[in-house]
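Below is one structure, written out as structure tokens; comments come after it.
The values are calculated or read from the model by the stated rules, or taken from the named source; none is laboratory data. These numbers come from a predicted model, not from an experiment. Cβ sites come from the backbone with ideal geometry, for glycine too, and all protein chains shown count toward neighbours. Just so you know, the surface numbers come from the protein's heavy atoms only, side chains and all, with ligands and any DNA or RNA stripped out. Shrake-Rupley method; radii C 1.70, N 1.55, O 1.52, S 1.80 Å.
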Amino acid sequence: MITRQTTLSANLVAFCRFLRERNYGIGVREESDVLLAIEQLAPYDTPELMQQCMKSVLCRSPRDLLQFDDLYKQYWRELDRAINSKIKEEPEITKSSSSAKKKAPSIQALKNWLYGNKTEETTEVATYSAGSVLSKHELAAFSEEELREIYRIVKLIAQALANRKSRRYTSVKHAAQFDMRSTLRRNMRRGGEILHPAYRKRKKQDVSVVLICDVSKSMDLYSRFLIRFLYAFQNSYKKINSFVFSTSLYAIKKDLLDKSIDDALQRLMDTVPDWSGGTRIGASLDTFCTHYAHKMLVGNTIVVILSDGWDTGEADVLERSMRHIHRKATQVVWLNPLAGSAEWTPEVLGMKTAMPYIDVFAPAFDVESLRAVVERLRG
Amino acid sequence: MRKALKEIENMLTAQGYISEPSIVMSIHLAKTLSRPLLVEGPAGVGKTEIAKVMAKALDTDLIRLQCYEGLDASQALYEWNYQRQLLYLKMDEQGSGSLSDKEATIFSDRFLLKRPLLQAITHHKSPVLLIDEVDRADEEFESFLLEVLSDWQISIPEIGTISATHIPQVVITSNRVRELSEALRRRCFYLWIDYPTFDKELQIVRAKVPDIDAKLGEQICKFMAAVRQMKLDKVPGVAETLDWAMALSALHIDQLDKKIVEETLGIVLKDWQDIRQTQNALSDLFEQVGVTSKLA
């Protein structure tokens, strides 16, 4: 809430807090920076100069810059109003943010929604995707041969990932690239006569993968195929974590590992109660961000999301989680089964929201399209 | 305050750099609060140029670290001159010095190759350190950079810790190939440079190509502004505008026409698809720019 502060510095700190609430990365350090900068540059001839000065100190990204001027105006306007009326009325902004909080579904509400009343939205979702592509790809049925092809491709991806060379070096015993630095060090102890050369080679890059697969109703047609993809991937590459979601997120690494595909499918059906349910991409990714991201999105990680982007949740939750994932992961790959058809455009709100945070976007509905993905991951 | 800003603006203008308030303010703040300046923006808008101009304006040296994938400490900090060390050892084979003497000699300043970061902190006077295209280096390098940028000291196992005699003025540029870490962003002041407005671009052209025909300069800038509105793969920057202006001026051309544009489009656009797309839209572009095509 914006209240009147009597000193300039208190006002500036309050403004910093105001920005922090709006996702600006501002801490104590930035607050002291602003005070320092303002002090350094005084006296101010025009208010614009002060605004420019604060903008230069407090913004850290193009997004920050874009919103700054409006927020700046908004803040001082609110402040003026607070001073003029001298009533402790709740300013509009805080009101809306608190009501937004109230709107966020509690776990109980989510569960109700999940198990009890299936809303119209869910049915809508189902008709949408089924109607648009059913005739094109009959994916539910898989021949033995195609399954084997999936395994082969997944193995290729796993290999490509495992063999990625890092740009850094590690020392090796056998003859490889000559390592001058350690050769000299090693031979100095023998009086400087070079007798024992040391070698080095490129390190292997440690790439881990997080797979997040949509198994909601709208993905029904593809999810069987995609689950096989997940199963094959999980069993052929070590550093991988698989998740599925429809209305909430489930970690399924354990269910897929070291079991026959039939057992794995059975286990999945038990683990995931809302299979073929509604879609809450935002909420599910948010769960991922809060519970798993800090453990899994470290080092070199590729996040692969398999979904049609048909979301019934709130767009801002999705955007926030996608931004978080994009920032933490090395690469964000979104595989969309619907994107295969020529007339497809990212019209769906969920997809539109997520688009700016995706590095590789590709269709994935059959074996052929997966192969194309392999090529792109290699690069 | 305005005086201080005006001074910087004048310094920049004197070096032929046409600035805008946000650039002047950022440079001023980075200088007075001695913070690194992180400059982002599309390719060819003069990000690197800022560092060069700053060095000239502050009358100091520019030390440049060009980042690339796989850049590591030995290329950024220091490396021992191994060939020289080996030669020295060989020549000194019959020497009577003890082993520790020998070691002290070959791991001394004489055999040290200073790379940009070490150069910058040992420089005799505070230089401008340009860390160019930091997004091309990997994240490990970025974290390493954080350490150097906050402590201003470098440890060399054989010699010890070297602390900065003068803290350099750092300019970091990024083309946003990869999102930079929050930690690095928070250590820097941030500056976003976009494609210039028509007026600014015209000023730049006039400053850099002084003998250009006034009308041609205007036409070029209008044309460039229109081209940037098209959805091209590689949007041309100011660098391309200047190249084009210089080329046309060297050809003693005083007005754009269809034939000339078609013949010289390769200076502006570097992608075949883009060139074709632009050629197809040339009449529209000319209409926007207000050029009457001779051939039409």
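Figures for the structure shown
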| read-out | value |
| --- | --- |
| Selection count where residues are in contact with a helix residue (DSSP H, G or I) (Cβ under 6 Å, 6 or more places away or on another chain), among the hydroxyl-bearing types (S, T, Y) and closer than 30 Å to A:R327 by Cβ, scope the range A:25-44 | 0 |
| Subset tally (residues that are more than 14 Å from every other protein chain (Cβ to nearest Cβ), open to solvent by less than 30 Å² (accessible area, probe 1.4 Å) and part of a helix (DSSP H, G or I)) for the range B:50-70 | 5 |
| Criterion (over 29 Å from B:L118 (Cβ atoms), within 13 Å of chain A (Cβ to nearest Cβ), in contact with a helix residue (DSSP H, G or I) (Cβ under 9 Å, 6 or more places away or on another chain) and surrounded by fewer than 19 Cβ atoms within 10 Å (Cβ to Cβ)) met by exactly one of B:A73, B:A4 | B:A4 |
| Residue within the range A:309-325 that is within 14 Å of another protein chain (Cβ to nearest Cβ), free of Cβ contacts under 8 Å to residues at least 12 places away in the same chain and either within 17 Å of A:T247 (Cβ to Cβ) or out of contact with any Ser or Thr (no Cβ under 7 Å at 6 or more places or on another chain) (or both) present | no |
| Test: B:V205 is surrounded by 14 or more Cβ atoms within 10 Å (Cβ to Cβ), under 20 Å from the mean Cα position of the chain (by Cα) and closer than 28 Å to A:Q67 by Cβ | no |
| Sole exception among (1) on the phi > 0 side of the Ramachandran plot; (2) facing another protein chain (nearest Cβ under 7 Å); (3) not small (G, A, S) for A:P43, by number | (1) |
| Matching option when the condition is modelled with pLDDT of 80 or more and out of contact with any strand residue (DSSP E or B) (no Cβ under 7 Å at 6 or more places or on another chain), among A:S321, A:S341, A:S307 | A:S321 |
| Hits in the range B:28-49 (condition: more than 11 Å from chain A (Cβ to nearest Cβ) and either touching a Gly at 6+ places or on another chain (Cβ under 7 Å) or hydrophobic (A, V, I, L, M, F, W, C) (or both)) | B:V39, B:A43, B:G44, B:V45, B:K47 |
| Residues that are buried (at least 18 other Cβ atoms within 10 Å of the Cβ), facing another protein chain (nearest Cβ under 8 Å) and closer than 30 Å to A:K165 by Cα, drawn from the range B:76-85 | B:W80 |
| Conditions (1) in a helix (DSSP H, G or I); (2) in contact (Cβ under 8 Å) with a residue 12 or more places away in the chain; (3) surrounded by 16 or more Cβ atoms within 10 Å (Cβ to Cβ): number failed by B:Y195 | (1) |
| Residue satisfying all of: in the range B:154-163; closer than 29 Å to A:Q205 by Cα and away from every other protein chain (no Cβ under 14 Å); farthest from the chain's Cα centre (by Cα) among these | B:S155 |
| Candidate set from the range B:13-27 (those that are in contact with a helix residue (DSSP H, G or I) (Cβ under 6 Å, 6 or more places away or on another chain) and at pLDDT below 90); member that is nearest to the other protein chains (Cβ to nearest Cβ) | B:P21 |
| Checklist (1) aliphatic (A, V, I, L, M); (2) open to solvent by less than 60 Å² (accessible area, probe 1.4 Å); (3) touching a residue at least 24 places away in the same chain (Cβ under 8 Å) applied to A:M180, failing item | (3) |
| Pick from the range A:13-40, criterion assigned to a loop (DSSP other than H, G, I, E, B) and within 10 Å of chain B (Cβ to nearest Cβ), ranking: surrounded by the most Cβ atoms within 10 Å (Cβ to Cβ) | A:I26 |
| Helices (runs of 4 or more DSSP H) (entirely within the range A:248-335) containing at least 3 residues that are charged (D, E, K, R) and open to solvent by less than 50 Å² (accessible area, probe 1.4 Å) | none |
| Wholly enclosed strands (runs of 3 or more DSSP E) of the range B:86-184 bearing at least 2 residues open to solvent by 20 Å² or more (accessible area, probe 1.4 Å) and in contact with a Phe, Trp or Tyr (Cβ under 7 Å, 6 or more places away or on another chain) | B:112-114 |
| Enumeration of residues in the range A:41-87 that are of a type in the set (D, E, K, R), outside any helix (DSSP H, G or I) and farther than 26 Å from B:R187 by Cα | A:D45, A:K86 |
| Residue within the range B:109-123 that is within 11 Å of another protein chain (Cβ to nearest Cβ), closer than 20 Å to B:I159 by Cα and polar (S, T, N, Q) present | no |
| Single residue of A:F229, A:F225, A:F243, A:F233 found to be open to solvent by less than 10 Å² (accessible area, probe 1.4 Å), closer than 24 Å to A:L338 by Cα, assigned by TED's automatic domain parsing to the domain that holds A:L338 and at pLDDT 85 or above | A:F243 |
| Which listed residue, of A:Y151, A:Y169, is within 14 Å of chain B (Cβ to nearest Cβ) and aromatic (F, W, Y) | A:Y169 |
| Positions within the range A:186-211 being more than 30 Å from A:Y292 (Cβ to Cβ), within 13 Å of chain B (Cβ to nearest Cβ) and either at pLDDT 85 or above or open to solvent by less than 90 Å² (accessible area, probe 1.4 Å) (or both), in sequence order | A:N187, A:M188, A:G191, A:G192, A:E193, A:I194, A:P197, A:A198, A:R200, A:R202 |
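Yes or no, residue by residue, for (1) at pLDDT below 85; (2) open to solvent by 40 Å² or more (accessible area, probe 1.4 Å); (3) under 19 Å from B:F198 (Cα atoms); (4) outside any loop (DSSP other than H, G, I, E, B):
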residue	(1), (2), (3), (4)
B:V227	no, no, yes, yes
B:D233	yes, yes, no, no
B:P236	no, no, yes, no
B:L242	no, no, yes, yes
B:E262	no, yes, no, yes
B:K270	no, yes, no, no
B:A296	yes, yes, no, no
